[in-house]
Amino acid sequence: MLSVTNLSLHFGGRTLFDSITFLVNKTDRLGLTGKNGAGKSTLLKVLTGQQKADEGSISLPKECTIAYLAQDLHSASTKTVIDETRTAFDEILALESELEKIQLELETRTDYESDGYMKLIEALTEKDMRLHLLGGTIPTRISKKY
């Protein structure tokens, strides 16, 4: 439960909040609406401790955390959105690479009855099943709409 009591904040002679009080219970769902500059983002920054209020108090249980995703994200990355998204799929990338190596090796082998050949087939099957469990290839996962 989040409790806000008599919260006030002033910016350059302008009052954003004046003694606001509210309570958010564990199962509550809420949204903030208002015109630009009304103080929605500032309120969230105050609730997360990123900014101090002039007056009032905020209390929440110690096991409770508040996260805030800023509306403007700044990144030093030069990657494209697709390339950045690909970084979330390291295991799939590794599996695809291993599968390609195994398939190339199988193409050149002729010892179909050997233990080595059977181990390659088992590795191919195991890695292919793991890839399937992870949801398939990367282009399929990235472009999938949820």
- Task: Check Leu95 against each of (1) within 23 Å of the chain's Cα centre (by Cα); (2) surrounded by 14 or more Cβ atoms within 10 Å (Cβ to Cβ); (3) closer than 30 Å to Leu16 by Cβ and name the one condition it does not meet.
- Result: (3)
- Query: Which numbered condition trips up Ala53, out of (1) modelled with pLDDT of 85 or more; (2) more than 30 Å from Ile20 (Cβ to Cβ); (3) not assigned by TED's automatic domain parsing to the domain that holds Glu122?
  - Reply: (2)
- Quick check, is Gly39 free of Cβ contacts under 8 Å to residues at least 40 places away in the same chain, assigned by TED's automatic domain parsing to the domain that holds Phe11, under 12 Å from His10 (Cα atoms) and surrounded by 10 or more Cβ atoms within 10 Å (Cβ to Cβ)? yes
- Note on the structure: Across (1) in contact (Cβ under 8 Å) with a residue 24 or more places away in the chain; (2) among the β-branched types (Val, Ile, Thr); (3) surrounded by fewer than 10 Cβ atoms within 10 Å (Cβ to Cβ), Ile102 clears everything bar (3)
- Item | Subset of the stretch 48-92 that is under 16 Å from the mean Cα position of the chain (by Cα), hydroxyl-bearing (Ser, Thr, Tyr) and surrounded by 11 or more Cβ atoms within 10 Å (Cβ to Cβ) - its residue that is nearest to Arg29 (Cα to Cα) | Tyr68
- Residues in the stretch 52-81 that are more than 16 Å from Asn6 (Cα to Cα) and assigned to a loop (DSSP other than H, G, I, E, B) total 20
- Regarding Ala38, is this residue more than 30 Å from Thr137 (Cα to Cα), in contact with a helix residue (DSSP H, G or I) (Cβ under 8 Å, 6 or more places away or on another chain), in a loop (DSSP other than H, G, I, E, B) and not β-branched (Val, Ile, Thr)? no
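The values are calculated or read from the model by the stated rules, or taken from the named source; none is laboratory data. All values reported here derive from a predicted model rather than from experimental measurement. Reconstructed Cβ throughout: ideal geometry from the backbone, glycine too, with neighbour counts over all protein chains shown.
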